[in-house]
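Have a look at the structure below before the remarks.
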Amino acid sequence: MTLQRLEGFYWVARTGGYARAARTFPYPITQPGVHQQVRRLETEVGVRLFERVGKDQVALTPAGQALFDVVAPFYEQLPALEARLKGGQVGGTLKIHAGGHLLRHLMPSWLQRLQSRRPDISVSLTEASTAQPKALLSGEADLVVDWFPTLPEGVQVREVAQVRAFVAAPTHGPYAVKGKVPMSALSKTPFIAYQSDRTLRGLQEQALREQGISPRVLFTADSSDTILGFVAAGLGFSLVPSLVEGGPRLAGVLAWPVVHARAKFAVHAAWRRREVLSPLIEAALEVAPR
C-alpha cells in the first residue's frame with residue numbers, strides 16, 4: 001500500500017465523496033485522479049473499501065473502517081508535525097551520561113527547567129563511573145556531562161559547573177578530627193580511594209603527593225556517596241569533589257576545601273560536533289546551568 005493511494009483513501013473517507021475529496025486535497029488533483037487512487041488501493045488489498053450511498057456520496061465498508069482507523073491518526077497529525085519541524089520543536093529522547101555526583105546535584109534542576117520548557121522531550125540518564133566522550137561518537141549518548149581531562153576530536157563542550165575538591169574526615173572514632181586540620185595531620189589516618197574511576201583516583205593520588213603524605217589505602221569504592229559513608233562510619237578520610245557550597249554535608253563527616261590552585265575543576269557538557277546542532281541538544285543547552 002503506497003502512501004499516495006492511502007492519502008486518496010483518507011480524504012475520500014474523511015469527506016464522504018470523491019468530488020469533495022478532490023476539493024479538500026492539500027494539493028491540486030482531479031476527481032478521476034482521486035477515484036483512481038482508491039480503485040488501485042482496493043485492487044492491492046483485494047476488498048471494497050467504500051460503498052455508494054448517494055450521489056457523490058460514499059460510506060466506508062467494515063474493511064474500509066478498519067483501514068481508516070489506522071490511517072487517520074497519521075494524516076491528522078501531519079499539520080502539527082509540520083509546524084513543529086519548521087519551528088524546531090521536535091520532541092524525542094535525549095540520552096545523557098553523567099557521573100553519579102552530577103546526577104544527584106547538578107542534573108535535577110537542569111532537567112526540571114528542560115521539562116518545564118519542553119515537555120515533549122524525554123531524557124534517558126546513564127550513570128557513568130568515568131567520563132566517556134567516545135560514547136558521543138558511537139551514538140550511545142547525545143550529551144556527556146563530566147570533568148574531562150582530555151577530549152577526542154569531533155567533540156564540542158560548554159562549561160556548566162565548577163567542582164571543588166574537599167577533604168572529608170570523620171568526626172568520631174579512632175581517626176576523628178575536632179576541626180579543620182592540615183592534610184599532613186591526617187598522614188596516619190587510613191585513606192579511602194576511588195576504585196574504578198581512574199581519573200578521580202589519579203587526582204586523589206596527585207593531591208596527596210603534593211601534600212607530601214602517603215597514607216595507607218584501607219578501602220576503595222566506586223562512588224562519592226559510598227566513600228562518604230565509609231568516612232561517616234569513622235573508617236578513614238578521603239578527598240572528594242563537590243558541587244555543593246561548603247562541601248559534602250553528612251552526619252559524621254567534617255569537610256573543608258583543599259587549599260590549592262588546582263583544587264577546582266570545570267564540568268562540561270560535551271556533544272558530537274555536527275554542522276547542524278541537534279534540536280534536542282540545543283534545547284538542553286538553552287536551559288543548562290551557567
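The values are calculated or read from the model by the stated rules, or taken from the named source; none is laboratory data. Everything numeric here is computed off the predicted structure, so don't read it as measured data. Here Cβ is always computed from backbone atoms with ideal geometry, including for glycine, and neighbour counts include all displayed protein chains.
With respect to the stated conditions, L102 is over 11 Å from the mean Cα position of the chain (by Cα), farther than 23 Å from R274 by Cβ and in contact (Cβ under 8 Å) with a residue 24 or more places away in the chain. The residues in the range 211-234 that are in contact with a His (Cβ under 7 Å, 6 or more places away or on another chain) and not in a loop (DSSP other than H, G, I, E, B) can be counted, and the count is 1.
Just one residue in the set L103, L49, L60 is within 30 Å of S129 (Cα to Cα) and surrounded by 18 or more Cβ atoms within 10 Å (Cβ to Cβ); that residue is L103.
Inclusion of V231 among residues that are crowded, with 21+ Cβ neighbours inside 10 Å, touching a helix residue (DSSP H, G or I) at 6+ places or on another chain (Cβ under 8 Å) and of a type in the set (A, V, I, L, M) is not warranted. I need a count of the residues in the range 235-290 that are outside any loop (DSSP other than H, G, I, E, B) and either aliphatic (A, V, I, L, M) or touching a His at 6+ places or on another chain (Cβ under 8 Å) (or both). Residues flagged as outside any loop (DSSP other than H, G, I, E, B) and either aliphatic (A, V, I, L, M) or touching a His at 6+ places or on another chain (Cβ under 8 Å) (or both) within the range 235-290 amount to 16. Checking S214, S184 one by one, the residue that is over 16 Å from V259 (Cβ atoms) and either outside the structural domain of V259 (by TED's automatic domain parsing) or in contact (Cβ under 8 Å) with a residue 12 or more places away in the chain (or both) is S214 and no other. Selection of the range 25-55 for residues being in a loop (DSSP other than H, G, I, E, B) and closer than 27 Å to P79 by Cα yields F25, P26, Y27, P28, I29, T30, L49.
Yes/no matrix, rows are residues, columns are (1) crowded, with 19+ Cβ neighbours inside 10 Å; (2) in contact with a Leu (Cβ under 7 Å, 6 or more places away or on another chain); (3) at pLDDT below 90; (4) assigned to a strand (DSSP E or B):
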position	(1), (2), (3), (4)
S109	no, no, no, no
S129	no, no, yes, no
P149	no, no, yes, no
R158	no, yes, no, yes
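Among the residues of the range 187-211, those identified as without any contact (Cβ under 8 Å) to a residue 60 or more places away in the chain and among the basic types (K, R) are K188, R201, R209.
The set of residues in the range 56-68 being within 49 Å of the chain's Cα centre (by Cα) and either outside the structural domain of Y18 (by TED's automatic domain parsing) or in a loop (DSSP other than H, G, I, E, B) (or both) consists of T61 alone.
Tallying residues that are exposed (fewer than 13 other Cβ atoms within 10 Å of the Cβ) and modelled with pLDDT of 85 or more within the range 67-79 yields 3. Inclusion of E82 among residues that are part of a helix (DSSP H, G or I) and surrounded by 11 or more Cβ atoms within 10 Å (Cβ to Cβ) is not warranted. Only one of the listed residues (G54, G91, G46) is among the small types (G, A, S) and in contact with a strand residue (DSSP E or B) (Cβ under 9 Å, 6 or more places away or on another chain). That residue is G91.
Under the condition of being touching a residue at least 40 places away in the same chain (Cβ under 8 Å), in a helix (DSSP H, G or I) and buried (at least 19 other Cβ atoms within 10 Å of the Cβ), the residues counted in the range 12-24 number 3.
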